[in-house]
4 protein chains.
Amino acid sequence: MTHTLEALNRMGSADFAAAVGDTFELAPWVAEGAAARRPFATVTALHEAMMGMVRSAPRERQIEFLRGHPDLAGKAARAGSITDESRHEQASVGLDSLSEPEFARFHRLNDAYKAKFGIPFIVCVRRHTRDSILTQFERRLGNDAATEFAAALQEIFFITRLRMTAKVTGEGMPAVNGRLSTHVLDTHAGRPAAGVAIELYEFAGGKAHYIQSAITNADGRTDQPLIGGRPLPIGRYELRFDVGNHFRSRGIDSGDPPFLDIVPLRFSIAEPEGHYHVPLLCTPWSYSTYRGS
Amino acid sequence: MTHTLEALNRMGSADFAAAVGDTFELAPWVAEGAAARRPFATVTALHEAMMGMVRSAPRERQIEFLRGHPDLAGKAARAGSITDESRHEQASVGLDSLSEPEFARFHRLNDAYKAKFGIPFIVCVRRHTRDSILTQFERRLGNDAATEFAAALQEIFFITRLRMTAKVTGEGMPAVNGRLSTHVLDTHAGRPAAGVAIELYEFAGGKAHYIQSAITNADGRTDQPLIGGRPLPIGRYELRFDVGNHFRSRGIDSGDPPFLDIVPLRFSIAEPEGHYHVPLLCTPWSYSTYRGS
Amino acid sequence: MTHTLEALNRMGSADFAAAVGDTFELAPWVAEGAAARRPFATVTALHEAMMGMVRSAPRERQIEFLRGHPDLAGKAARAGSITDESRHEQASVGLDSLSEPEFARFHRLNDAYKAKFGIPFIVCVRRHTRDSILTQFERRLGNDAATEFAAALQEIFFITRLRMTAKVTGEGMPAVNGRLSTHVLDTHAGRPAAGVAIELYEFAGGKAHYIQSAITNADGRTDQPLIGGRPLPIGRYELRFDVGNHFRSRGIDSGDPPFLDIVPLRFSIAEPEGHYHVPLLCTPWSYSTYRGS
Amino acid sequence: MTHTLEALNRMGSADFAAAVGDTFELAPWVAEGAAARRPFATVTALHEAMMGMVRSAPRERQIEFLRGHPDLAGKAARAGSITDESRHEQASVGLDSLSEPEFARFHRLNDAYKAKFGIPFIVCVRRHTRDSILTQFERRLGNDAATEFAAALQEIFFITRLRMTAKVTGEGMPAVNGRLSTHVLDTHAGRPAAGVAIELYEFAGGKAHYIQSAITNADGRTDQPLIGGRPLPIGRYELRFDVGNHFRSRGIDSGDPPFLDIVPLRFSIAEPEGHYHVPLLCTPWSYSTYRGS
């Protein structure tokens, strides 16, 4: 259920805490503290105030709060004994359907991490591909405790900011969504290439996994962003454009098989809230791409 | 053993036939006929004269000649009862190591082809990848008899031209070799990209199969052509350039993971005797390629 | 003074003729005829109905109508004895300020044209640069009479369509405006190039004439189209981008003088109602452009 | 008259001094000193030894040596009372045919320079365009004395190295020549563009001055480098490619006038001994260039 910022600003403290309390996992004191600071001019300010409660809490309370988060792909998740919020987030990146070896790998990483830092590994899974989560996990395991504690709080910030935008509407929404778009320009004909079939793949474990397809419209673009309305998961991707069919349908002979048929553009996303425009400029004999805007 | 054209022009007819006779599979009459037309000014003219013998032979003799060729990936090849020339040619494209299903597919195609045309399927395997041979096989199975008979003679021309260049040296050698080359230009630095690791893959059955690796030299090129000194097998290829490492070694930050890491260029070769120059112009944020010269 | 289509549909015939009559030069019968066909669902339909009057008029009346148009850069224009509409149109392309040799050239062309066709040369000047008008003039002088008569009516169509859109507002406005835009992408930095100074030139008589300047905004675009809100004059243009200053301000050394300093992009416009997007993708060592969308 | 290094190594000291003495303007002691250090393994070593004489000479002798050089575009040059070497060098960049205002400007710069530094302004004119000489002149006038003294010796090094390569042949010639080349690739057709007319211009005083023309051969290159066999004069250039005619001759319609007609590539040369490869990749609707190798 969503609330308007205006309603949240006016409701009783208990109702307020009930409305936004579960944004911060098992930490009702966060919402209680923020209730006293109302009214908020923007949703961003509301979220900042709640994060301020966490940042200014005593160390013990912070640690208790971090410990309240479930293991990534952990036994609790398997057993169903974690919050709904956590369950949906972990499922979004496939952590609910790991193979036994993958589950074992997460298990080992979780154990090593908790042994070193005394808290579970926390990451905003919706900002990452599965490959990127594993990379982060192994990299952060090498941090010192102070760096890692700050990193965990930063992830809490990302997680709760996303939860907040799903729960509250109003002025000053935080920018949490990125956008991946493309554009196919036929520089042989000097116009957008319409009707070109595009496939998007994500790399995981060195292999390309199909995500989705699209067809370019009359302007050479896709009607919808390839990824949009959510953070772009950090990771490696490949766009594949069927330019062979496009030029064949224009009656152009570029050899048999044609010099260019399926054109792959391979690139990485590192900014989940950014705009990645990855166009293809193409003739039957040449192509180019760039990160555009 | 190779011979000079000069020596071939001067030797006795029997020696001449012994020297070049096996260029045309089990057809000593080709060399015998050509012997009478000596001397030849060029190796190309010698080959043309031998092809002329085939082209002007009576239909029955042509058919007998074509029937003398072994099945592609056939039982004779498996049993070792084909000529050395044929065996080496078939092995060069992996036809000597097919899986059982692949062997069965060739077997079915061979049967259908012989049932329709009364001759074995003949193709100059050294001008094709395995995928391309299968494509040709299925396509040519749809030809009418006259078209296919001409196609078979054209392939004989390609096969024997290659055998001739391996056996005879001298003036006017026919052009049988193609060349695949690349060049990596770092347009961020404005100079050739040295030390870039490159891998070449061939597509077969929809999958990329590793062929070889190279490293760019100070001029951004490879010391040797990626493929050279032989016909370029018709087929689909992918070059993969490790530009992520290149820019990392120059201290450039283009995100984590970097926007461009492994850049694949996918293209096809349709002219075995042609020059394919497939360069990469690259910054950390953009790249382009084209069929160059 | 402008009118709404709705008001035009409802007013008396005399008022209607007074309101839109001068759209067709000295030909009140056009508006009178169209008045009887009201109401019109779109402004385009109104214009089509008026053109229909011209097209279906007897030949003598058509010729009289065409003869009612002034010479381009003619004596009447100099003497001020032409309609305001014509005067403004001719001034827009500089025909009111020709040098004596240019005036003499137009005079000679006018005389030759009238001697051959018996009507003045009619062209929609707002769709052309001065160079393009001269090119058209000399080319059309070579037409046969039937072709040229059709060409003159087509130009009447363009002229009156523009006049109509200036006089009438409402549903279904004809598309008469084009757009010239650009975009500067710094593919060295992987982001739009902000603050780049751009100059637009038009070629006339082999020389570049300055038209206007702009500075790219944070998205690498100009706040306004380089040309917009009017037909794009057919002709040759050059955009000049000060990328030398851009890269210098980023602290990049590409030699002294820098390899790229002022980058000119030279192109032509042939479709006055089209969209010409002419972007610059640039590093200190490379650049590219294309007709985009 | 040229000499071989071998002959110079063996001849008497007086003959040696006579042979290479005038390499260093009016300073016979340079050759005399170098004579004693023979034999030299390379022409570069010979030149280095002569420069060594200058560098290790007492300050007074160095100054006297520098003072022995004529003013650039000075009265002595006009009156013909300078050495032949200096006269040819100054003529090569047009300093012998300045207009009166240009002559006056050089005169003022010469006076200011000599008043400040006590020596004439010395620059290796064959490594510069006229614009670049003026830029250097004004920039170096702002140097302090020590910096400028070093700059003058560096120019002596460039001047005498060029004179040496004109006078002596043998092992280890110093690299004094640069090369400007181009290549036109038609990425619409996927092959080199043959028969394209190219013009090379140099910018001087803000205007483009024609230097020379060339036509691309079957490989899309020019038979000779655009500039070669000499140092590339530092300065600003423009290459103009007539791609409009090229695509018209291929029957391609890209509008009237064609979207691309004359394509200008504007770039600067900063390394006289470097290789500048400035190719054009072109379709009727797009083009790109880069500093290649």
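The values are calculated or read from the model by the stated rules, or taken from the named source; none is laboratory data. Not measured: the values here are computed from a predicted model. Methodologically, a virtual Cβ is constructed for each residue, glycine included, from the backbone with ideal geometry; neighbour enumeration extends over all protein chains shown. Just so you know, the surface numbers come from the protein's heavy atoms only, side chains and all, with ligands and any DNA or RNA stripped out. Shrake-Rupley method; radii C 1.70, N 1.55, O 1.52, S 1.80 Å.
Results, tabulated for the structure shown:
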{"quantity": "D:Gln90 being surrounded by 13 or more Cβ atoms within 10 Å (Cβ to Cβ), closer than 20 Å to D:Ala151 by Cβ and touching a helix residue (DSSP H, G or I) at 6+ places or on another chain (Cβ under 6 Å)", "calculated": "yes"}
{"quantity": "Hey, C:Phe203 modelled with pLDDT under 95 and either hydrophobic (A, V, I, L, M, F, W, C) or in contact with a strand residue (DSSP E or B) (Cβ under 8 Å, 6 or more places away or on another chain) (or both) or not", "calculated": "yes"}
{"quantity": "Single residue of the range A:167-193 satisfying the filter (among the aliphatic types (A, V, I, L, M), closer than 30 Å to D:Gly255 by Cα and more than 9 Å from every other protein chain (Cβ to nearest Cβ)) that is surrounded by the most Cβ atoms within 10 Å (Cβ to Cβ)", "calculated": "A:Val184"}
{"quantity": "Subset of the range A:99-116 [more than 19 Å from A:Leu66 (Cβ to Cβ) and over 23 Å from the mean Cα position of the chain (by Cα)]", "calculated": "A:Glu100, A:Pro101, A:Ala104, A:Arg108"}
{"quantity": "Where D:Arg248 falls short, out of the listed (1) more than 10 Å from chain C (Cβ to nearest Cβ); (2) modelled with pLDDT under 95", "calculated": "(2)"}
{"quantity": "Residue under evaluation D:Ser97, criteria (1) modelled with pLDDT under 95; (2) in a helix (DSSP H, G or I), criterion not met", "calculated": "(2)"}
{"quantity": "Odd one out for A:Arg236 among (1) more than 7 Å from chain B (Cβ to nearest Cβ); (2) touching a helix residue (DSSP H, G or I) at 6+ places or on another chain (Cβ under 8 Å); (3) closer than 28 Å to B:Phe259 by Cβ; (4) not hydrophobic (A, V, I, L, M, F, W, C)", "calculated": "(1)"}
{"quantity": "Residue check, B:Thr23 of a type in the set (Ser, Thr, Tyr), touching a Ser or Thr at 6+ places or on another chain (Cβ under 8 Å) and open to solvent by 70 Å² or more (accessible area, probe 1.4 Å)", "calculated": "no"}
{"quantity": "Residue in the range C:24-44 that is touching a strand residue (DSSP E or B) at 6+ places or on another chain (Cβ under 7 Å) and under 21 Å from C:Glu6 (Cα atoms) present", "calculated": "yes"}
{"quantity": "Members of the range C:53-72 found to be over 12 Å from C:Ile156 (Cβ atoms) and open to solvent by 20 Å² or more (accessible area, probe 1.4 Å), listed by number", "calculated": "C:Ser56, C:Pro58, C:Arg59, C:Glu60, C:Arg61, C:Ile63, C:Glu64, C:Arg67, C:Pro70, C:Asp71"}
{"quantity": "Boolean, B:Leu26 is at pLDDT 95 or above and not small (Gly, Ala, Ser)", "calculated": "no"}
{"quantity": "From B:Arg140, B:Arg105, residue being modelled with pLDDT under 95, among the basic types (Lys, Arg) and at negative phi", "calculated": "B:Arg105"}
{"quantity": "Residue in the range A:215-233 that is nearest to the other protein chains (Cβ to nearest Cβ), counting only those that are surrounded by 19 or more Cβ atoms within 10 Å (Cβ to Cβ) and among the aliphatic types (A, V, I, L, M)", "calculated": "A:Leu232"}
{"quantity": "Every residue from the range A:257-284 that is among the small types (Gly, Ala, Ser) and crowded, with 20+ Cβ neighbours inside 10 Å", "calculated": "A:Ser268"}
{"quantity": "Some residue of the range B:51-67 being assigned to a helix (DSSP H, G or I) and small (Gly, Ala, Ser)", "calculated": "yes"}
{"quantity": "Given (1) open to solvent by less than 10 Å² (accessible area, probe 1.4 Å); (2) without any contact (Cβ under 8 Å) to a residue 60 or more places away in the chain; (3) assigned to a loop (DSSP other than H, G, I, E, B), index of the condition B:Tyr287 fails", "calculated": "(3)"}
{"quantity": "Residue list for the range C:239-256, restricted to those being open to solvent by less than 20 Å² (accessible area, probe 1.4 Å) and out of contact with any Cys (no Cβ under 8 Å at 6 or more places or on another chain)", "calculated": "C:Leu239, C:Gly244, C:Phe247, C:Ser254"}
{"quantity": "Flag if D:Phe259 is more than 11 Å from chain C (Cβ to nearest Cβ) and within 23 Å of A:Leu185 (Cβ to Cβ)", "calculated": "no"}
{"quantity": "Check on A:Ile211, open to solvent by 10 Å² or more (accessible area, probe 1.4 Å) and either within 14 Å of another protein chain (Cβ to nearest Cβ) or within 20 Å of the chain's Cα centre (by Cα) (or both)", "calculated": "yes"}
{"quantity": "Sole residue being under 19 Å from A:Val168 (Cα atoms) and either open to solvent by 40 Å² or more (accessible area, probe 1.4 Å) or of a type in the set (A, V, I, L, M, F, W, C) (or both), chosen from A:Pro101, A:Pro28", "calculated": "A:Pro28"}
{"quantity": "A:Ser254 being outside any loop (DSSP other than H, G, I, E, B), closer than 18 Å to B:Tyr290 by Cα and at the interface with chain B (Cβ under 10 Å from one of its Cβ atoms)", "calculated": "no"}
{"quantity": "Boolean, C:Lys75 is modelled with pLDDT of 95 or more and open to solvent by 40 Å² or more (accessible area, probe 1.4 Å)", "calculated": "no"}
{"quantity": "Residue that is nearest to C:Ile269 (Cα to Cα) [pool: residues in the range D:262-284 that are away from chain A (no Cβ under 14 Å) and in a loop (DSSP other than H, G, I, E, B)]", "calculated": "D:Val278"}
{"quantity": "Unmet criterion (only one of (1) touching a Gly at 6+ places or on another chain (Cβ under 7 Å); (2) farther than 12 Å from D:Phe267 by Cα) for D:Arg230", "calculated": "(1)"}
{"quantity": "Residue among D:Gly255, D:Gly244 that alone is of a type in the set (Gly, Ala, Ser) and out of contact with any Gly (no Cβ under 9 Å at 6 or more places or on another chain)", "calculated": "D:Gly244"}
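Condition check ((1) without any contact (Cβ under 8 Å) to a residue 40 or more places away in the chain; (2) out of contact with any helix residue (DSSP H, G or I) (no Cβ under 6 Å at 6 or more places or on another chain); (3) open to solvent by less than 20 Å² (accessible area, probe 1.4 Å); (4) over 20 Å from D:Arg55 (Cβ atoms)) across all residues:
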residue	(1), (2), (3), (4)
D:Ile119	no, no, yes, no
D:Ile133	no, yes, yes, yes
D:Phe137	no, no, yes, yes
D:Gly142	yes, yes, no, yes
D:Glu148	yes, no, yes, no
D:Ala152	no, no, yes, no
